[in-house]
Every structure is written in structure tokens, then in C-alpha cells.
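J.: Questions regarding the structure given below will be posed in turn.
The values are calculated or read from the model by the stated rules, or taken from the named source; none is laboratory data. Values in this document were obtained by computation on a predicted structure and should not be read as measured data. When we count neighbours, we look across all protein chains shown, and the Cβ atoms used for this are built from the backbone with ideal geometry, even at glycine.
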């Protein structure tokens, strides 16, 4: 078992960098859709859930094809189900954090209109680590470590 003082293998650092890149694109998509849905009048919970789902589909596709490309021989349907389950836990965490912090940020900002955004930023920071480690150890665990 690796300790904190043991350096990560180069391929793991590359994999995490790719995961972050895919996640950044998915986050941009997620935030854009969230903002559009909020501007259209949807409640935060519904808007956050729909925008998260769009990010999920984007992230699954690119993580499977690029980040964890050495698992493409594994049944994509099984991986999609596992990725979705991991992401649903992430969605639960995200919704809990966003809904818990939206009121706090509303007070700090003096307005409720955009208070969901800093809450969403913090939620995203937490959820990205959950998603990576859960997907790395479960969804995409059968890896060829020679790459």
C-alpha cells in the first residue's frame, strides 16, 4: 500500500491530469447549463440536477475514451452504470453542499440571485476527489499499467 511519501507513478499523474481536464470541460458545461436553467426560472435543485446530468454524460464519454482508455475493452454499459452510480453519490454531495451553502452565500453577498455559484464552486471541489477515486478504483479499475 502506498504512503503519502511515495511518489505517484507518472501514468497516474497523467491520468489524473486528464481526469481534471475532462472534468473542467464538464464543469464548464455544468455551470453554463445551471446558469441558463436558473435564468429560465428553475429552482436550484432541479437546475443543478439537470446540469449535473449533462456533465455526467460528457465526462463518462471522454473519461472512457481518453483518461481511462485502457478500459475500453470492458463493457461500456457496465461502466456507464458504475460511473452513473458514482456520479449520483457525487450529485447527492453536490446538492447537499449547494443547498446548504446557498443561504450562507446569499447573506454574505447580500443577494440570493447568484449565491448558488460560489456554493457550486465549493461543491465541485469536494465532488471531484470523490469522483476520481471512486471511478479509478471501481469503474475503471481494470487497467493496463504498462501505458
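J.: Only one residue in 41, 92 is more than 18 Å from the chain's Cα centre (by Cα) and modelled with pLDDT of 90 or more. Which one?
T.: 41
J.: In the stretch 61-73, is there at least one residue being free of Cβ contacts under 8 Å to residues at least 12 places away in the same chain and in a loop (DSSP other than H, G, I, E, B)?
T.: Among the residues of the stretch 61-73, at least one is free of Cβ contacts under 8 Å to residues at least 12 places away in the same chain and in a loop (DSSP other than H, G, I, E, B), which makes the answer yes.
J.: Scan the stretch 104-115 for residues that are surrounded by 13 or more Cβ atoms within 10 Å (Cβ to Cβ) and part of a helix (DSSP H, G or I) and report the count.
T.: 3
J.: When you scan the stretch 11-28, do you find a residue that is buried (at least 18 other Cβ atoms within 10 Å of the Cβ), touching a residue at least 40 places away in the same chain (Cβ under 8 Å), closer than 15 Å to residue 116 by Cα and within 15 Å of the chain's Cα centre (by Cα), even just one?
T.: Within the stretch 11-28 (the criterion being buried (at least 18 other Cβ atoms within 10 Å of the Cβ), touching a residue at least 40 places away in the same chain (Cβ under 8 Å), closer than 15 Å to residue 116 by Cα and within 15 Å of the chain's Cα centre (by Cα)), the answer is yes, since at least one residue qualifies.
J.: Which of (1) exposed (fewer than 15 other Cβ atoms within 10 Å of the Cβ); (2) outside any loop (DSSP other than H, G, I, E, B); (3) without any contact (Cβ under 8 Å) to a residue 40 or more places away in the chain does residue 84 not meet, given it meets every other one?
T.: All conditions pass for residue 84, except number (1).
J.: Sticking with this one: Would you mention how many residues in the stretch 65-81 are touching a helix residue (DSSP H, G or I) at 6+ places or on another chain (Cβ under 8 Å) and either surrounded by 15 or more Cβ atoms within 10 Å (Cβ to Cβ) or at pLDDT below 90 (or both)?
T.: 7
J.: Tell me, yes or no, whether the stretch 34-44 has at least one residue that is closer than 15 Å to residue 127 by Cβ, in a helix (DSSP H, G or I) and touching a residue at least 60 places away in the same chain (Cβ under 8 Å).
T.: yes
J.: Taking the conditions exactly as written (farther than 30 Å from residue 12 by Cβ, without any contact (Cβ under 8 Å) to a residue 24 or more places away in the chain and surrounded by 12 or more Cβ atoms within 10 Å (Cβ to Cβ)), does residue 50 satisfy them or not?
T.: yes
J.: Sticking with this structure for a sec: If we keep just the residues of the stretch 116-125 that are free of Cβ contacts under 8 Å to residues at least 24 places away in the same chain and within 17 Å of residue 92 (Cβ to Cβ), which is surrounded by the most Cβ atoms within 10 Å (Cβ to Cβ)?
T.: Residue satisfying both the conditions and the ranking: 119.
J.: Could I ask something else about it? Could you say whether any residue in the stretch 50-58 is assigned to a helix (DSSP H, G or I), over 13 Å from the mean Cα position of the chain (by Cα) and farther than 24 Å from residue 122 by Cβ?
T.: So far as the stretch 50-58 goes, no, none of its residues is assigned to a helix (DSSP H, G or I), over 13 Å from the mean Cα position of the chain (by Cα) and farther than 24 Å from residue 122 by Cβ.
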